[in-house]
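The values are calculated or read from the model by the stated rules, or taken from the named source; none is laboratory data. Quick caveat, the model's predicted, so the values are computed rather than measured. Backbone-built Cβ (ideal geometry, glycine too); neighbour counts: all protein chains shown.
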Amino acid sequence: MADNDMQPIGREDELRARDRIKVLRSRAEGQRLRLLWLLAGPGVLVMLGENDGPSMLSYATTGAVYGVGFFIPFILLTFVMAYLVQEMTVRLGAATHRGHAELIFQRFGPFWGYFAMADLVFGNLLTLVTEFIAIQAGGLYFGLSPVVSVLGGVVLVLSSLALRRYATWERALLLLAVGNLLFIPAALLAHPHPEAVLRALAFWSPLPGGFNTKFVVLMLANIGATVTPWMIFFQQSAVVDKGLTRADITQGRLDTGLGALLAAVAAVATLLAATPLYAAHIDTGSLASGADFATALQPYLGHAGAALFALGMTEAGLVAAMTISTSSSYALAETFVVSGSLNLDFRSGRWFYGAAIVSTVVAAGGVLIPHAPLLAMTLAVNVIATLLMAPALLFLLLLVNDREIMGDLANGLLSNIAGGAIIVGIAIAGAVYGVMTVFYP
């Protein structure tokens, strides 16, 4: 190749190459734990990022309405579903080195590409609004005005983009995401009965109150709290941005499994922290936001427990806002074939960073609308996320069965059965919700 045909190595490629050298050295030296540390990140982030504001409010509402029993094993089941979906995403990203939006355009054409993008952007924008609801709720409990809390959240989200280095951004978010575990001490302060929790895990308890619209809404909200379209787009693009290859899939699976485990523990802890409201027969309809939940829990958890709950809500909203806005940026960059990476400087990645900035500012502005029904909006977003999930999962399943791009990493029979069952289950849940809404409002 002539010298004038050589393309200069960009900052994005140089930074990724530096990270890969560390990975190759660790693998060559047999340093398994260091190798996992270097390759972990996308899986833990996507799972703890999905433990976002609306998710934690959904779990808290579930605990306040139904107590310990039916929903604990149900929540654990949804995280098994999430792991199965995201494991396919890891394989797809490592095998193709392409983002999810880019692959949909390449394999299915512009119509389905724009359809998938509309599905994602609509869901992401709605979810971003609820993340700032969670940030606002945490601030309200500590006496901060909505404007101060929301603007503070915007500043932190946009500041994370200023790191301009994927590895640094990822580690900073992982440190912040540890705050999701604040719900565990909050749950311990609720003094749940260990026997009741173990009984719920060992024997799936019957549903208290019977099958009704409220149950269907919370069931869909809990599914939408763990399996959503943005997770697929984010983790696949993060796998590519991080530079994972076929050799790294084992660590990618461990990363995703660890994230699912941590997120499941935090989710169940949130449910348990809210069960005193169930025992006290508190009507959740009177609670407008996470701040109201924290205030209502204060007599049962004490000031420390309520403060942990409020801080956990703030953390959940912040981490999710950072990951979801980045998910939109990755997908939009792939759609319009422009540079998209957290390793880019602002000049080279102006469209990538611009998409994250615009979506963040628009969502934050929507939260400040006076007298908005915040809790209802939060639960509704998780329900909508569930309804949008079936087409996203279908695209994923088709892609991981495409042997032309996947080779020997394509789905096997068991993975296809599991993936198909998840799609059918979510579709049935959506259909039941539709019927119940029409005939039993």
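What the table below lists for this structure:
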| quantity | calculated |
| --- | --- |
| Lone qualifier among MET322, MET406 - being assigned to a helix (DSSP H, G or I), among the hydrophobic types (A, V, I, L, M, F, W, C) and buried (at least 23 other Cβ atoms within 10 Å of the Cβ) | MET322 |
| Members of segment 167-208 that are part of a helix (DSSP H, G or I) and hydroxyl-bearing (Ser, Thr, Tyr) | THR168 |
| Filter pass, PHE132 being surrounded by fewer than 22 Cβ atoms within 10 Å (Cβ to Cβ) and either under 22 Å from VAL381 (Cα atoms) or touching a Leu at 6+ places or on another chain (Cβ under 7 Å) (or both) | no |
| From the options ALA279, ALA264, ALA274, ALA247, residue that is more than 14 Å from PRO42 (Cα to Cα) and crowded, with 24+ Cβ neighbours inside 10 Å | ALA274 |
| LEU35 being under 27 Å from ARG165 (Cβ atoms), assigned to a helix (DSSP H, G or I) and not small (Gly, Ala, Ser) | yes |
| Lone unmet requirement of (1) part of a helix (DSSP H, G or I); (2) surrounded by fewer than 18 Cβ atoms within 10 Å (Cβ to Cβ) for LEU163 | (1) |
| Hey, THR226 outside any helix (DSSP H, G or I) and among the polar types (S, T, N, Q) or not | yes |
| Segment 278-293: number of residues that are closer than 21 Å to GLN136 by Cβ and modelled with pLDDT of 70 or more | 3 |
| Checklist (1) charged (D, E, K, R); (2) free of Cβ contacts under 8 Å to residues at least 24 places away in the same chain; (3) within 20 Å of VAL129 (Cβ to Cβ) applied to ARG350, failing item | (3) |
| Among residues of segment 70-81, those that are over 22 Å from LEU258 (Cα atoms) and buried (at least 22 other Cβ atoms within 10 Å of the Cβ), counted | 0 |
| Test: GLY365 is without any contact (Cβ under 8 Å) to a residue 24 or more places away in the chain, closer than 28 Å to LEU151 by Cβ and in a helix (DSSP H, G or I) | yes |
| Answer from SER237, SER145 - the residue that is under 24 Å from GLU315 (Cβ atoms) and buried (at least 23 other Cβ atoms within 10 Å of the Cβ) | SER237 |
| Out of VAL157, VAL147, VAL227, sole residue that is modelled with pLDDT of 85 or more and touching a helix residue (DSSP H, G or I) at 6+ places or on another chain (Cβ under 6 Å) | VAL157 |
| Some residue of segment 332-346 being more than 29 Å from GLN86 (Cβ to Cβ) and either touching an Asp or Glu at 6+ places or on another chain (Cβ under 9 Å) or not in a helix (DSSP H, G or I) (or both) | yes |
| When residues of segment 371-389 are limited to those that are more than 19 Å from VAL154 (Cβ to Cβ) and not in a helix (DSSP H, G or I), the one modelled with the lowest pLDDT | PRO373 |
| Residues being more than 22 Å from the chain's Cα centre (by Cα) and modelled with pLDDT of 80 or more - total across segment 344-370 | 8 |
| Residue pairs meeting the criteria (Cβ under 8 Å; at least 6 apart or on separate chains; first part of a helix (DSSP H, G or I), in segment 67-83; second acidic (Asp, Glu)) | ALA82/GLU50 |
| Qualifying residues in segment 88-113 (those that are at negative phi and free of Cβ contacts under 8 Å to residues at least 40 places away in the same chain) - the one surrounded by the most Cβ atoms within 10 Å (Cβ to Cβ) | GLN106 |
| Of all residues in segment 330-345 being farther than 10 Å from ASN124 by Cβ and touching a Ser or Thr at 6+ places or on another chain (Cβ under 8 Å), the one that is surrounded by the fewest Cβ atoms within 10 Å (Cβ to Cβ) | SER339 |
